[in-house]
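Participant: The structure's right below; bear with me while I get my questions together.
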Amino acid sequence: LCPQSRGTEGGEMVKKDLQHLSREERRRRRRATAKYRTAHATRERIRVEAFNMAFAELRKLLPTLPPD
């Protein structure tokens, strides 16, 4: 768990430190965490696989022509 969700004094300090930041800066810091990057990479991999499967299905439906 992250310090913020534990309710410990350390988590309280982190929350107070983040309160003065703009929404964009808080978002930037959240995105910089390893947990966020790992989750994002997983979602991106699933998205790319879905595109690849869709293109493979489309290729099956299109007629093929000789290269010349």
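Participant: When the accessible area of region 16-61 is computed with all protein chains present and a 1.4 Å probe, what percentage of it is carbon and sulfur?
Facilitator: In region 16-61, the share of accessible area belonging to carbon and sulfur is 57 percent.
Participant: Express the accessible area of region 16-61 per residue in Å², computed with a 1.4 Å probe while the remaining protein chains stay in the model.
Facilitator: 96 Å²
Participant: A further question follows. What does the convex hull of the Cα atoms come to per residue for region 16-61, in Å³?
Facilitator: Given the Cα convex hull of region 16-61, per-residue volume reads 71 Å³.
The values are calculated or read from the model by the stated rules, or taken from the named source; none is laboratory data. Computed from a predicted structure; not experimentally measured. To get the accessible areas, we keep the full protein, side chains included, count just its heavy atoms, and leave off ligands, DNA and RNA. Shrake-Rupley method; radii C 1.70, N 1.55, O 1.52, S 1.80 Å.
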